[in-house]
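The values are calculated or read from the model by the stated rules, or taken from the named source; none is laboratory data. Source: prediction; values computed, not measured. Here the Cβ positions follow ideal geometry from the backbone for every residue, glycine too, while neighbour counts run over all protein chains shown.
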Amino acid sequence: MNPEIIKQHGLTEKEYQNILDIMGREPTMVELGVFSVMWSEHCSYKSSKIYLKGLPTKGKQVVCGPGENAGVVDIGDGLVVVFKMESHNHPSMIEPFQGAATGVGGILRDVFTMGARPIALLNSLRFGAANHPKTNHLINGVVAGIAGYGNCMGIPTVGGEVYFEDCYNGNILVNAMCVGVARKEKIFYAKAGGIGNPVIYVGSKTGRDGIHGATMASDVFEEGSEEKRPTVQVGDPFTEKLVLEACLELMNGKDVVGIQDMGAAGLTCSSLELAGKGHVGIEMDLSKVPLRETAMTPYEIMLSESQERMFFVAKKGTEKKILKLFEKWDLDAAVVGKVIKGQNVFVYHEGQLVGTLPTMPITECAPMYKRPVKKPDYLEKLNDVNVGAQFIAPENKAGRDESRPYGNILKKLLSSPNIASKKWVYRQYDHMVGTNTAVIPGSDAAVMRLKEPHTGGRKTKKGLALTSDCNSRYCYLDPKRGAMIAVAEAARNIVCSGGKPLATTDCLNFGSPENPGVMWQFREALKGMGEACKALNTPIVSGNVSFYNESPDGAIYPTPTIGMVGVLDDVSKHVTQWFKNVGDVVVLLGDDLKKVKDELGGSEYLKVIHQKVAGMPPKIDLKKEKVLQNTCLEAIKKGLIQSAHDCSEGGLAVALAESCFTGPKSLGVAVDVGVGPRAYPDKGDHGGSPLQAISLLFSETQSRILVSVKEKDVEKLLRLAKQKKCPSVILGQVIENDFVFSDLISVPVEQLKDCWENGLERAIS
Amino acid sequence: MKFGIITFPGSNCDWDCYHVVTNVLKQKAQFIWHKEAKLPKVDVVVIPGGFSYGDYLRTGAVARFSPVMQEVIRFAGSGGKVIGICNGFQVLTESGLLPGVLMRNTGLKFVCENTPLQVVNNHSQFSKKFDLKQNVMILIAHGEGNYFADNETLKRLEGEGQVVFRYLKNPNGSLNDIAGIINDRGNILGMMPHPERCMESILSNEAREDGKKVFESLL
Amino acid sequence: MKAKVFVTLKNGVFDPQGKVVQRSLATLGYAEVEHARIGKYIELDLKETNPQQAEVRVKEMCQKLLANTVIESYKIQLES
Amino acid sequence: MKAKVFVTLKNGVFDPQGKVVQRSLATLGYAEVEHARIGKYIELDLKETNPQQAEVRVKEMCQKLLANTVIESYKIQLES
Ligand SMILES: Nc1ncnc2c1ncn2[C@@H]1O[C@H](COP(=O)(O)OP(=O)(O)O)[C@@H](O)[C@H]1O
Ligand SMILES: [Mg+2]
C-alpha cells in the first residue's frame, strides 16, 4: 500500500501498522477505506473518548444512555422520550442549504431508527458577525435548509438558538436536535442477531455522494472522470418521510431484530455496528444494493453517504412481507445479506470477496488518544481584566451627560441580534404541524403535548418541555463555568415553562484536538457539564463531538451546546414567559438585590456597548440553582405563577422588557427597587454609581427567574421562597404601555419592542 | 358525519385532520390511501396539508394524478363536499377542481404564523357558522400560497361570491388578498390557512379556536 | 434522444424571484440587467428515436405535468 | 441583448425532483423517459450590446449569484 494513499485516508503510520497487525496482511482498498472512516475522529471519538467516559449518564429515568443512536428516557405512563443532537457544521459552511437540510435528515433518522416517532426538532445555530459579508448568505441558506427538510417531513421545529460572534466567521455551527416518543417496550437497538436472518436495505438508492476522500477515490478508480465530483449531499425529505412512515409501520410489528440508519460512513458503519453489537457476523453482497449510478466500485458503495437509507436485520421468513410493505410506500428495498456466525463482516461484489472486516478490532480497538493539554495563554490576559473599573466607569462620564443613557443602552441591547427576536428564523419553520405545540418558539422552552397518534396509542396528560442553550462567550472565558451555565440555563428554561428537567443531550463543538489549548478547553468544559448535570439530575443520554471547527483566523469559541428535555405532569399547566395581566406583581426569584453584583464579564452589554469580550463570566452555584428551580417549579405546581422568564443575556432589564412584549399582547412594567440603600448602598448619581446602575440592569448574574403573580398570591409565593431558602424580592407591577425602571429608565414599551422585533433582520441585511 | 381523509405520499397533516374530526368534533373519520381506486362511503373528503410528492416540480402537480384523485373528481362532480387545506388547496387547483393557481410567496420564504383573516362569505356550506365580516385568526404555514388567477376568473370569483376568506395582512402576495375560495357550485373549499390547527385552546400560546367553525359549518 | 424543456412564466404573471434576482444583481454592480425571469429547465432522456413522435409525446407531458398552463408556457428542444 | 442561463445540477449530484418527475411520467404512461433532471432557466435582459463583454459579465453573475457552483454548473447563451 503506497504511503500517499494511506495519508490520503487520514491514517497515521502507527494506525496503519495497527491495521496490518489486526489483518495479518495488507488490507484491500475496501478494507483500508473502512478502517479509515471507522477510525476517523468523527466515528471513533478517538480524542474525546477518555473524557466522555467520565460524564454522568445514569439515573432512574434513563432507559438507554450514550452508545446507541439516541438516548432513551422514561417519562411514565408507559412512554419514553428518545432524543439526540448532532452537528452538521462543515457541510453547512460549504453548502448552507443542503448542509443544514441533511443535518436535519440525519438526526431524524437517529431517532426513528429506535422505533420512536419524531415529534419535534430544535436547532442551535452560530454564525459570524451579523455584518460579516458571508453571514447573510449563510443564515439564509441554513434556515431555508432546516425549514425545507423539517417542514416537508411534517415534524415541527419548535425551538433553538441563534448567535452571532466573530469567531464563527469562517466556521459556522449548525446543530440539530430531534425528540421522539415511543412506547417503552417498543424500543429498537442496532443489534444484529439470529444466524441466517436476512439483512435488508431500504431507502434511497446509493450514489457517489459524500464519499470520504472522494477526490482521491475518483482519482484512483475513475480514470478520465470529467468534472471533479462535489462531496455535497442533497437531501430528499420526501423520501425520508416515506422511509419514516414505512419503518415505523414495520417496527410496529414483530419482524425487526435490529436496525441502524446509514449516517456517516454509510453501509460500512451500519453493518459493522449491527454485527459488532450483536456479536455475530454479516455476509453481504454489494451487487444487490440498489444503485443510482453506474459502474460504482465496492469501495464507493461501502463508503457512500447517500442520505435517506436504513439497514436492518429481520426475522427469517418475513422477507416477502417486508418487501411488500416497502413497495406500498414506493421505496427501493433489497435483501443484501444475512447474519452469520463469527465476528466478521464479509463483503462480496459480483461473486468476489472484496473485504473481510473483523468487527471487534475495528470498533473496539479503534485508537484512543490522550492528547496533550495546556491552558491557553489568552485566558489570563482576558480574565484579569476588571471589567467595571476598566471599561464602564470612565465611559460613563460621557454617559452621565446624556439625560437617559440607560434607556438607550437597553434599546441597543434589545436590537443586538443575539438578543433580538428570532422570529425571522422560526417563522420559516412549521412549528405547529402535528398539532402538539402548546408553546411555540418565543418563550423560554417549547412545550409539546403528547396526543395518541404520536404515542403509539397510549393516553397521557404529560407534556415535554424542550430547549437548547449555550453561551459560548462564557465558555471562551472559562470553559468549565461556561459549560455549567449552559446546563443550568437549559434546566432553568425548562423550569420556567413548568417542566421538570429530565435529561440532557449535547453537541460539543470545538477547534482542533491536536491543539493542546483546545483540548484543555474540551476537558474543562466536560468537567463543568458533568458537574452541572450531576447536580441537577439531568444525566447525559446522547450527544455528539465536532472537532476541527477552525478557520485561518483560529478556532471557534468552545461551544458545548446543551439540549435538554423536561417533563410536565399536566401539559395544560404550562407557563409562558410574558406578563398576562395588568396589576400582577413582578417578583425576582433567586436574588434579593440586597447586594448588586458587578457581573458584567462576558456580557452582551460589554460586547455591544464596549465591543469587549473580557473578564470572568458570571458565577454559578449549582446548589443555589437547584433551590431556585425547585422553588419556581413548586410555585408553578401550586398555580401561583402567571409568567416565568429566566434572566440570561442582557440581564434583568432585558428579561423584564422581554416579559412585556413577547406575548400576544404587549404590556408594561413599573419596577421600583426602592432607589436608595438597598439597590445603591453608596448613593451617587441616580442614587448609585453608574457602575452599580449598569450592574443592576445588565449584569448577567445567574440563577434568577423573573415571575409575575396575582396580587393575592404574592404572600404565598414569598412564603414559599422563604421556606425553600430561595432569595426573592418584589420588583414592581405589570402596567399598561410603559417600561419604567426606578428612576433609571422610562420608555414606551412599543419603542423597545420595535428594537427587539426588527433587530435581527436589520442586523443581517 | 363521516370524513374521508386522503393520504398522499408526503401528506403530513392527515393525522391532524383525523384528530380534530374524531376528538374535537366527535365525528367519524377514515384515511383513504392515494392508491385506492374507489372512495369509501363518506360525506366529506378532506385533502390535507403537507408536501405531497415532496412538492417537487410544482406543489400538488404530481398528486393530482394519484388514482384516488379521479374518484375525488367524480365525487365532487356529483355534489360531494371536498375541503382542501394548504397542500390540499394546491392539489385542487392543479386538478382543475378549483380555478387559479398557488404560486411561490412573493417574499420567497416559507411563512408560519397566526394570520388575521376576514370571512367575506358566510353563506357557503363551509362558512355558515361565521358572522359576515368576522375577523378570525388562523395559522398559515406555506411557501407557495400566493393565489393567482387571470382577470376574468378573478372577476367571476368576486362576482359570484366565491371568495370565502381574505387576508387582513397579505402574507404571500395573493391577488385580492384571497386566502380561501369555493367552486361555483359551492361544494368544494380550498384554503391556505390551517383551520385544523386552530381548534384547541391548548395550542400555540393564543388560545383561539377560530378554525372550528369551518368544520362545524358542515355538521 | 434528449428533450430539453423550458418552462417560463407567461407574460403578465408577476415573477417575484426574477425581481429579487434582478435587484440583487443590481446591488452586486450589474446594473445592466434590466429584467430577469426565472423558469425551469428540464432535461429528459428518451428511449424514443423518432423526433416527430418524441415531439408529440413531450408536448403531452408538458401539458399534463411539466407546466401549469394557467401561468406557464413551455418550449421544447429535441436533440439526438 | 438577451442572455439565457441554464443551471443544472452537476453530474453525480442527486436530483430528487428529477426522480419524482420521471416516476410520475412513467405512471402516466410515458415509460420512454429514462431519466429526468430539473434545473433552472434564467432569462436576463441586458443593456449591454457587446457580446464579448456581456459573456464576461454574465459569467460573473452566474459564479456569484445565479448558480450555486458547489453543486450546480451553468451554461450561457447570448442572443441579440
Ligand atoms: N434557530 C431557532 N429555531 C427555532 N426557534 C428558535 C431558534 N432560535 C431561537 N428560537 C426561539 O426563540 C426564543 C428565544 O431564544 P433565546 O433568546 O435563545 O432564548 P433563551 O435566552 O430563553 O434561551 C426561544 O423560544 C427559542 O426557542
Ligand atoms: Mg431563557
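Side notes on the structure shown:
- Where a residue in the stretch B:1-27 is within 7 Å of chain A (Cβ to nearest Cβ) and its partner, wherever it lies, is among the small types (Gly, Ala, Ser) and crowded, with 17+ Cβ neighbours inside 10 Å, with Cβ under 6 Å and at least six apart: B:Gly10/B:Gly50; B:Gly10/B:Ser52; B:Gly10/B:Gly54; B:Asn12/A:Gly154; B:Asn12/B:Gly50; B:Cys13/B:Gly49; B:Cys13/B:Gly50
- A:Ile107 being part of a loop (DSSP other than H, G, I, E, B), crowded, with 24+ Cβ neighbours inside 10 Å and either hydrophobic (A, V, I, L, M, F, W, C) or within 16 Å of ligand 2 (Cβ to nearest atom) (or both): no
- Selection from the stretch A:462-483 of residues that are in a helix (DSSP H, G or I), within 14 Å of ligand 1 (Cβ to nearest atom) and of a type in the set (Gly, Ala, Ser): A:Ser472
- Of all residues in the stretch C:14-37, exactly one satisfies the criterion of being at the interface with another protein chain (Cβ under 7 Å from one of its Cβ atoms), of a type in the set (Val, Ile, Thr) and surrounded by fewer than 19 Cβ atoms within 10 Å (Cβ to Cβ), namely C:Val20.
- The residues of the stretch A:124-162 that are within 10 Å of ligand 1 (Cβ to nearest atom), more than 14 Å from chain B (Cβ to nearest Cβ) and in contact with a Gly (Cβ under 6 Å, 6 or more places away or on another chain) amount to a single one, A:Ser124.
- Among the residues here, A:Ser542 does not qualify as within 14 Å of chain B (Cβ to nearest Cβ), away from ligand 2 (no atom under 16 Å from the Cβ) and touching a residue at least 40 places away in the same chain (Cβ under 8 Å).
- Within the stretch D:39-63, the residues that satisfy the criterion of being under 20 Å from D:Ser73 (Cβ atoms) and among the β-branched types (Val, Ile, Thr) are D:Ile42, D:Val56, D:Val58.
- Of all residues in the stretch D:1-60, those satisfying the criterion of being under 16 Å from the mean Cα position of the chain (by Cα), among the aliphatic types (A, V, I, L, M) and at pLDDT 95 or above are D:Ala3, D:Val5, D:Val7, D:Ala36, D:Ile38, D:Ile42, D:Leu44, D:Val58.
- Evaluated against (1) buried (at least 19 other Cβ atoms within 10 Å of the Cβ); (2) touching a Gly at 6+ places or on another chain (Cβ under 7 Å); (3) at pLDDT 90 or above, A:His9 falls short on exactly one condition, (3).
- Taking the listed residues A:Val37, A:Val73, A:Val82, the one that is in contact (Cβ under 8 Å) with a residue 40 or more places away in the chain and assigned to a helix (DSSP H, G or I) is A:Val37, with no other qualifying.
- Look at (1) in contact with a Gly (Cβ under 9 Å, 6 or more places away or on another chain); (2) at pLDDT below 95 and you find that B:Ser201 fails only one, number (1).
- Within the stretch A:419-442, the set of residues being more than 14 Å from ligand 2 (Cβ to nearest atom) and either in a helix (DSSP H, G or I) or among the charged types (D, E, K, R) (or both) comprises A:Lys423, A:Trp424, A:Val425, A:Tyr426, A:Arg427, A:Asp430.
- Scan of the stretch A:443-459 for residues that are part of a strand (DSSP E or B) and within 16 Å of ligand 2 (Cβ to nearest atom), ordered by number: A:Ser443, A:Ala446, A:Val447
- For first residues located in the stretch A:488-503 and within 14 Å of chain B (Cβ to nearest Cβ), partners that are of a type in the set (Ser, Thr, Tyr) and more than 9 Å from ligand 2 (Cβ to nearest atom) and lie 6+ apart or on another chain with Cβ distances below 8 Å form the pairs A:Ser497/A:Thr576.
- Out of B:Cys112, B:Cys86, B:Cys17, sole residue that is surrounded by 24 or more Cβ atoms within 10 Å (Cβ to Cβ) and more than 16 Å from B:His142 (Cα to Cα): B:Cys17
- Residues of the stretch A:713-734 that are crowded, with 17+ Cβ neighbours inside 10 Å and not in a helix (DSSP H, G or I): A:Cys726, A:Pro727, A:Ser728, A:Val729, A:Ile730, A:Leu731, A:Gly732, A:Gln733, A:Val734.
- The single condition from (1) in a loop (DSSP other than H, G, I, E, B); (2) among the aliphatic types (A, V, I, L, M); (3) within 16 Å of ligand 2 (Cβ to nearest atom) that A:Ala486 fails is (1).
- Top-ranked residue in the stretch C:44-67 [being crowded, with 19+ Cβ neighbours inside 10 Å and not aliphatic (A, V, I, L, M); ranked as farthest from the other protein chains (Cβ to nearest Cβ)]: C:Cys62
- For the stretch A:644-658, the set of residues classified as assigned to a helix (DSSP H, G or I) and either within 11 Å of ligand 1 (Cβ to nearest atom) or within 14 Å of another protein chain (Cβ to nearest Cβ) (or both) consists of A:Val654, A:Ala655, A:Glu658, listed by residue number.
- Taken over the stretch A:441-456, residues that are of a type outside the set (Ser, Thr, Tyr) and near ligand 1 (Cβ under 8 Å from one of its atoms) amount to 5.
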